[in-house]
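Here is the structure we will look at, set down as structure tokens.
The values are calculated or read from the model by the stated rules, or taken from the named source; none is laboratory data. Remember, predicted model here, so these are calculated numbers, not experimental data. Cβ coordinates were reconstructed from backbone atoms using ideal geometry, including for glycine residues, and neighbour counts include every protein chain displayed. These area figures cover heavy atoms from the full protein model, side chains too; ligands, DNA and RNA do not enter into them. Shrake-Rupley method; radii C 1.70, N 1.55, O 1.52, S 1.80 Å.
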Amino acid sequence: MNRRSYAADALAGLMEVDGDRRSGGPAPRWPPMHTTQQQLMQRHYDEVASQGPVCDRERRAAYAIKVCGTRALGAHVLSCPDGAYEQLQFHACRHRSCARCGAVAQQRWAEQELRRLLPCAHHHVVFTLPHDLIDLWSHNRGPFTALLMHSARQALLQTLADPRILGAVPGIVLNLHTWGRNLSRHPHVHCLVSAGGVDAQGRWVATRRNWLVPVKALRARYKHCLLQGISQGLRQGWTLPEGSDVAQWSTAIKRLWRKKHWNIEISPTYEHGRGVVLYLARYAKAGPLPRSRPLTIDDSGCVSFPYHDHRTQRTQTQRLSAQQFVRRLLWHAPASRQHTTRHAGLYNSNHREHH
């Protein structure tokens with residue numbers, strides 16, 4: 001075959017492929033490519049912002065993730081004392097939603113909490129916000145977050161203060177999470193609770209093994225404190241989701257008063273709280289998806305990532321469009337100047353040194 005006939009055959013092949021595409025024939029599919037949260041934010045945030053309103057909290061998180069480790073934040077020069085080697089080090093954003101900045105913050109947070117723990121067994125307790133209230137929570141993040149953590153704290157302290165149960169003050173570490181493992185909207189509070197406490201006489205009182213409190217009593221106090229606080233917030237003028245009014249939310253609260261099952265999980269006894277602290281450290285800093293979680297994007301623009309489904313105890317794959325992924329990630333950005341970790345009882349800063 002001479003050069004001219006070879007070129008003609010190649011051109012004919014290209015025209016045939018192009019004709020198949022124009023006629024709706026199958027287009028070649030490329031394997032999914034690995035990507036990062038920063039790349040997705042850089043490429044798709046502007047499109048997301050043009051499709052709907054973006055609040056200041058989400059805008060700050062998006063900007064921080066986009067420019068972290070780039071020239072936009074400036075840099076400094078790292079050099080050896082002899083001047084033989086120099087390296088330009090770009091500055092980090094240190095935002096709580098940035099997966100790039102998470103490793104150092106996680107280690108620092110874990111070390112601080114581990115120094116706080118008492119040398120005793122601990123329980124892991126999870127308080128979940130009813131999903132009927134998520135829309136109201138998302139429009140009032142500041143006061144609702146404070147109320148949610150206050151309700152969990154008071155429920156534990158009041159229940160364990162009962163002489164029939166423990167009659168003592170435990171140590172409690174509370175940490176707020178707003179996501180499920182597939183980035184769904186799922187506000188809940190993780191609590192690390194010491195398996196015992198100090199009574200009014202200053203003596204240590206231990207709980208029974210693998211038993212902390214009766215769940216019904218804990219659920220009743222949590223429900224009472226939370227729903228009473230929401231009713232008060234509505235009277236004080238909380239922001240309501242579009243298309244709803246106070247009467248509708250009052251009806252929803254009455255329905256929740258009658259609801260018997262509130263999702264509260266109490267783990268068996270851990271011989272020490274180290275494991276729970278290290279687990280919480282992965283999510284207390286650096287947002288809902290750690291940097292180690294693999295992200296892939298296919299030729300249709302859909303992002304996929306694996307997650308562990310606690311119901312089936314299997315690894316599942318969540319597939320979202322790039323715009324949906326950016327929206328979900330930004331929804332979980334914490335409000336500025338709001339603590340997502342709090343301490344109570346023996347772990348309160350005012351009493352830690354004394355106890």
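Tabulated results
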quantity	calculated
Residue selected from the stretch 273-326 under the condition among the basic types (Lys, Arg) and under 18 Å from the mean Cα position of the chain (by Cα), by the criterion surrounded by the most Cβ atoms within 10 Å (Cβ to Cβ)	LYS285
Restricting the stretch 306-355 to residues that are of a type in the set (Lys, Arg) and assigned to a loop (DSSP other than H, G, I, E, B), the residue that is farthest from HIS186 (Cα to Cα)	ARG337
The stretch 63-77 residues that are within 14 Å of ARG94 (Cβ to Cβ), paired with ones that are of a type in the set (Ser, Thr, Tyr) and in a loop (DSSP other than H, G, I, E, B) (beta carbon under 8 Å, 6 or more apart)	ALA64/SER97; ILE65/SER97
Pairs where the first residue, in the stretch 119-143, is at positive phi and the second is at pLDDT 95 or above and open to solvent by 30 Å² or more (accessible area, probe 1.4 Å), C-beta under 9 Å, 6+ apart	none
Answer from ALA161, ALA152, ALA110, ALA103 - the residue that is surrounded by 15 or more Cβ atoms within 10 Å (Cβ to Cβ), of a type in the set (Gly, Ala, Ser) and out of contact with any strand residue (DSSP E or B) (no Cβ under 9 Å at 6 or more places or on another chain)	ALA110
Condition met for TRP204 (within 30 Å of HIS123 (Cα to Cα), aromatic (Phe, Trp, Tyr), surrounded by 12 or more Cβ atoms within 10 Å (Cβ to Cβ) and in contact with a Cys (Cβ under 9 Å, 6 or more places away or on another chain))	yes
Residues of the stretch 212-238 satisfying the condition of being free of Cβ contacts under 8 Å to residues at least 12 places away in the same chain, at negative phi and either not in a helix (DSSP H, G or I) or not polar (S, T, N, Q) (or both)	LYS216, ALA220, HIS224, ARG235, GLN236
Residue in the stretch 93-109 that is among the β-branched types (Val, Ile, Thr) and modelled with pLDDT of 85 or more present	no
LEU118 in contact with a Leu (Cβ under 8 Å, 6 or more places away or on another chain), more than 30 Å from LEU295 (Cβ to Cβ), open to solvent by 40 Å² or more (accessible area, probe 1.4 Å) and at pLDDT 85 or above	yes
Complete set of residues in the stretch 302-355 that are aliphatic (A, V, I, L, M) and in contact with a His (Cβ under 7 Å, 6 or more places away or on another chain)	ALA322, VAL326, LEU346
Check on ALA84, farther than 30 Å from TRP262 by Cβ and surrounded by fewer than 17 Cβ atoms within 10 Å (Cβ to Cβ)	yes
